[in-house]
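The values are calculated or read from the model by the stated rules, or taken from the named source; none is laboratory data. Computed from a prediction, not measured in an experiment: that's the story for all the values here. Cβ placement follows ideal geometry from the backbone for every residue including glycine, while neighbour counts extend to all protein chains displayed. Quick note on the areas: whole protein, heavy atoms, side chains included, nothing else; ligands and nucleic acids left out. Shrake-Rupley method; radii C 1.70, N 1.55, O 1.52, S 1.80 Å.
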Amino acid sequence: MNPAQYDAWYDSPRGRWIGETEYRLIEEQLALQPSTRVLDVGCGTGWFTRRLARRDDLNIVGLDVNAEWLDYARSLV
């Protein structure tokens, strides 16, 4: 599976439901405050990293061992 295919799964009905549920749980569990720094280790295509980056009050960095997936993530910023 390539990064575009993986990321597209989040646009499917099941993927959207799971992604939204996981994102909500991440925000609840981390209780992120303004100016918080977040390191997303194993960010893959950056789906969650990009969502968190929409918040102007956070400093987000994504890290992954797969350069192809990181390049894909960067292309969507």
### Task
Run the numbers on the chain and let me know its relative contact order in percent, using alpha-carbon pairs under 8 Å that are six or more apart.
30
#### Entry: Förster-model FRET efficiency, 30 Å R0, Ala8 and Thr36, C-beta, rounded to 0.05
0.55
### Task
Mind checking the per residue accessible area of the chain for me, 1.4 Å probe, whole number of Å²?
69
### Query
Amide H to amide H, which residues 5 or more places from Val38 or on other chains are under 5 Å from it, using H placed in the peptide plane?
Asn59, Ile60, Val61
### Rough spin-label spacing in nm, given labels placed 7 Å along Cα→Cβ, for Arg24 and Asp56
2.7
### Query
Where the Cα atoms of the chain are projected onto their three principal axes, how long is each span, largest first, in whole Å?
35, 27, 18
### Query
Using θ = phi - 60° and the Karplus curve 6.51 cos²θ - 1.76 cosθ + 1.60, what whole-Hz ³J(HN,Hα) does each residue of the range 18-35 get, with Gly and Pro shown as x?
5, x, 5, 5, 4, 4, 4, 5, 4, 4, 5, 6, 7, 6, 5, 9, x, 6
### Task
Please report, in debye to the nearest 20, how large the charge dipole of the range 17-77 is about its Cα centre when each Lys and Arg carries +1 at its beta carbon and each Asp and Glu carries -1 there.
140
### Query
Per the 1.4 Å probe, what fraction of the accessible area of the chain, in percent, lies on carbon and sulfur atoms?
54
